[in-house]
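*Asks:* Mind having a look at this structure? Questions to follow.
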Amino acid sequence: MGEPRDAARLVKCARVGEFDDDTENSLSLAAIEVELKPKVGRRSTRCGDAYKRLRRLQDQDLEFKLKTLLSLLRKERRYKKLKNGIIRR
């Protein structure tokens with residue numbers, strides 16, 4: 001029950017550098033986890049959000065390129081049709 005409070009105290013001591021021999025030896029992985037877990041969670045969330053934005057932009061880019069390509073193909077067909085019509089006359 002007192003572990004999170006003890007872990008927080010150990011983390012505070014670690015930041016300040018105020019260790020005695022007992023405190024230094026009792027700095028556990030749990031204390032390190034208490035400090036790092038929120039940071040890792042926030043960073044993971046930011047990475048996920050950035051990936052979603054990147055994916056959305058890639059989809060928009062692909063859609064734009066496809067529209068451009070289709071437009072160019074239509075223009076090329078229209079050009080060939082007009083050209084062939086002029087040549088046949």
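Every read-out reported here was derived from the displayed coordinates using simple, explicitly stated rules and does not represent laboratory data. Quick caveat, the model's predicted, so the values are computed rather than measured. Virtual Cβ from ideal backbone geometry, glycine too; neighbours counted across all protein chains shown.
*Asks:* Around residue 58, under 12 Å between beta carbons, what's the net of Lys plus Arg minus Asp minus Glu among the other residues? List each step's numbers first, then the result.
*Replies:* Values: positive: 52, 53, 55, 56, 65; negative: 59, 61, 63.
Charge balance in the 12 Å sphere: +2.
*Asks:* Rounded to the nearest 0.05, what FRET efficiency do residue 45 and residue 89 have when you use their Cβ-Cβ distance and R0 = 41 Å?
*Replies:* Numbers: r = 67 Å, r/R0 = 1.63.
With R0 = 41 Å, the Cβ-Cβ based efficiency is 0.05.
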